[in-house]
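Input: a single structure, listed below in structure tokens.
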Amino acid sequence: MILEWFLRFLPKALKSNQNIERDTSSTSGSVSIIRNTDVANGFFANANNFTINGANMLDHQQIFQTIYNTITTEAAALDRLLPYTCPEAAVDSSARDPPPRCHPGTRQRVLDTLNDWLMNHLWKIFWLNGPAGTGKSAVAQTFAEICLEQGRLGAAYFFFRSSGRNDPRTVIPTLAYQLAVNVPDYGHLLACTIARDPSIFEKTPRIQLRRLIVEPFTLLQAQAHWVTQTPILIILDGLDECEGIEAQCEIVEMIGEAVRLRKDLPLIWLIASRPEPHLQYIFSRADFSIDCSKEVLLVDADTKDDVNRYLRDSFDDIRMRFPHMTDVAWPSKVQSRRVEDIASGLFALAATIVRYVSDVTYGDPVGRLGNFLAFMTSASHVATTNPLHTLDLLYSQILSEIPDDIFPMTKRILSFHEVIFANRLSVQLCCNLLHMDKHEFYNAVHKLYSLLDIPSPDRVTAVGLSMHHASFGDYLRSSFRSGRFHINGSDALVDYSKTCFFWHKTILEEPGYISDDSFRTIANSTALPGLKWVSPEEGNDLMLSHYINEIICDMVWSAFLALPFNGAEELLGQLEDFDFRYMLVSRDDNGKFARFAEWLFAWGPRNTLLHTEPQDELEKALLHKAVHEVGRRMEPAIFPMVMVNVYLYWS
């Protein structure tokens with residue numbers, strides 16, 4: 001883009017491919033033009049034997065080369081940086097479309113507060129916190145979009161625990177990448193840093209923050225660069241959803257440290273999260289004072305007014321979308337007041353109610369609103385205590401509408417997406433892994449559109465399921481809150497292990513697939529047998545086969561390690577029947593199978609599969625063969641094992 005601009009405005013005389021011979025023998029400030037080999041073009045066409053005094057001659061080829069080198073260096077640096085980032089976490093990411101936003105005319109007070117902070121920036125850090133469902137992400141998104149339009153947004157990272165947007169290792173690279181795009185002069189310095197030390201991506205987040213962000217902006221500040229004259233906003237939303245409490249605290253600590261040591265930098269930070277105890281502690285530590293402002297999103301009178309306005313506007317919109325099923329008097333004033341009382345100023349609850357009533361898969365907003373109010377009336381003794389309890393009741397009501405014969409399949413889908421893979425798999429891949437076809441999937445999630453973003457068939461190869469609000473995941477993981485709808489982590493791991501055994505068995509039963517490398521051979525050249533949901537695109541079946549192979553290979557043995565003994569009893573029988581001669585172990589196993597063997601050995605008498613001393617004549621013969629092949633004495637295994645010096649033989 002820079003090169004195109006330069007070429008467009010460069011004088012034609014410099015664009016032409018001239019070859020001007022210069023007399024460089026003069027020691028004065030003059031240049032004698034002896035001959036111009038291109039006499040048809042240029043400022044000096046048909047001129048010769050004259051002198052220019054005090055000239056500054058520019059080598060345009062060198063200028064082009066400098067610009068080209070700069071552009072290509074920065075492009076190469078960004079290309080190298082991109083794999084370490086999380087593009088889905090950006091403010092304008094398609095993976096988040098549509099993101100939560102403040103309803104027009106709402107949250108004006110908190111947005112004004114943030115804007116005042118941005119303009120005055122008395123504090124370098126602003127901590128926006130509040131309970132679940134109070135609209136923190138909507139405020140952060142809306143403020144980010146306002147700042148983006150004004151050219152004040154440097155970077156943003158929107159965490160979400162079940163969509164792959166929660167890896168702390170991607171935070172600093174993602175922010176650096178966005179800053180390079182939004183602040184081009186910073187991008188050049190970033191490229192130099194990456195070129196000098198390509199291993200920077202293997203460093204700790206604290207070092208990456210200093211080297212990739214703080215030091216380049218320190219240099220710009222020292223040069224009094226214009227970009228440092230106004231604040232550059234960086235937003236971290238949903239920090240409490242970042243994986244690991246220690247990682248969350250480290251992010252706050254290292255930002256606070258950078259702010260404290262370099263108070264003159266133009267970077268200001270907006271951090272939004274729930275007020276989790278560890279975050280409250282880190283923001284208020286006396287020995288680690290962080291210069292920041294704090295704003296708590298409470299369910300106060302203003303918030304309730306905003307939620308009520310959102311509900312009124314949403315019902316107006318529903319009437320316009322369903323003109324033949326509603327009239328101008330719907331909902332009645334009594335119904336409207338009841339819904340407002342139930343929502344109790346909680347945006348997440350209000351939004352869930354609206355999605356429930358307007359669900360197009362039912363197409364009956366009047367009936368849905370009536371059912372909802374009837375259900376909430378029957379549960380009124382709970383609904384008046386805590387809005388989050390009311391939200392849980394609504395979640396339970398929606399899940400209870402799934403037929404009993406369908407719900408086990410629904411629960412498997414939710415378990416795999418929420419517990420096992422944290423929404424890192426596409427819908428199509430997850431369903432094939434579960435041996436589930438397209439019809440079964442959509443039948444299982446048909447009644448969950450008000451809770452989940454369910455991709456259409458043309459998007460299932462690229463995206464997974466995502467929840468409209470993180471509180472639904474919290475609800476599912478808490479047996480106290482969700483009761484019979486609870487997703488148990490141990491049950492999910494057992495189901496996953498059974499699924500892996502299914503794929504092993506399926507492949508091994510196919511003629512011609514019995515070999516040590518049978519899984520990889522099939523996955524790389526032939527579609528796996530048993531795929532139930534394949535798209536018409538060429539190579540889709542091979543791609544699915546490859547990923548299923550990698551998933552089984554990489555995770556099955558480590559899944560056992562996370563199981564409590566009481567959760568694995570039923571798997572021992574399947575292990576007894578498993579043909580370990582043709583097991584699949586990742587090329588990058590990193591000792592996972594060795595740890596699985598140690599786990600299995602710990603079962604003691606209940607374990608009849610693995611032991612460290614030969615038990616019969618066949619095993620003695622195998623031991624003798626092992627000694628012969630290895631060429632040295634074999635000793636019983638000692639735990640913990642290291643896979644490189646352990647020899648496994650199956651009888």
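Below, the figures for the structure above:
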| quantity | calculated |
| --- | --- |
| Matching option when the condition is assigned to a helix (DSSP H, G or I), of a type in the set (A, V, I, L, M) and crowded, with 20+ Cβ neighbours inside 10 Å, among V252, V227 | V252 |
| Residue check, T204 among the β-branched types (V, I, T), surrounded by fewer than 17 Cβ atoms within 10 Å (Cβ to Cβ) and free of Cβ contacts under 8 Å to residues at least 12 places away in the same chain | yes |
| Qualifying positions in the stretch 469-493 - in contact with a strand residue (DSSP E or B) (Cβ under 9 Å, 6 or more places away or on another chain) and modelled with pLDDT under 85 | A470 |
| Residue tally, condition out of contact with any Phe, Trp or Tyr (no Cβ under 6 Å at 6 or more places or on another chain) and assigned to a loop (DSSP other than H, G, I, E, B), over the stretch 451-506 | 18 |
| Residues of the stretch 145-196 that turn out to be of a type in the set (S, T, N, Q) and without any contact (Cβ under 8 Å) to a residue 12 or more places away in the chain, as a count | 1 |
| So L270, is it at pLDDT 90 or above, under 26 Å from the mean Cα position of the chain (by Cα) and of a type outside the set (D, E, K, R) | yes |
| Residues within the stretch 255-284 that are under 23 Å from S471 (Cβ atoms), outside any helix (DSSP H, G or I) and of a type outside the set (D, E, K, R), tallied | 5 |
| Candidates L393, L373, L414, L388 - the one that is hydrophobic (A, V, I, L, M, F, W, C) and either within 29 Å of R459 (Cβ to Cβ) or part of a loop (DSSP other than H, G, I, E, B) (or both) | L414 |
| Residues being surrounded by 24 or more Cβ atoms within 10 Å (Cβ to Cβ) and part of a helix (DSSP H, G or I) - total across the stretch 145-164 | 0 |
| Subset of the stretch 340-371 [over 16 Å from R319 (Cα atoms), of a type in the set (A, V, I, L, M, F, W, C) and more than 28 Å from the chain's Cα centre (by Cα)] | I342, A343 |
| Scan of the stretch 313-344 for residues that are of a type outside the set (D, E), assigned to a helix (DSSP H, G or I) and exposed (fewer than 14 other Cβ atoms within 10 Å of the Cβ), ordered by number | M320, R321, K333, V334, R337 |
| Residue match in the stretch 471-481 (condition: touching a residue at least 60 places away in the same chain (Cβ under 8 Å), touching a Gly at 6+ places or on another chain (Cβ under 8 Å) and more than 30 Å from K136 (Cβ to Cβ)) | no |
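The values are calculated or read from the model by the stated rules, or taken from the named source; none is laboratory data. Nothing here was measured: the structure is a model prediction, and the numbers come from that model. Positions of Cβ are generated from backbone atoms using ideal geometry, with glycine treated the same way; all protein chains shown enter the neighbour counts.
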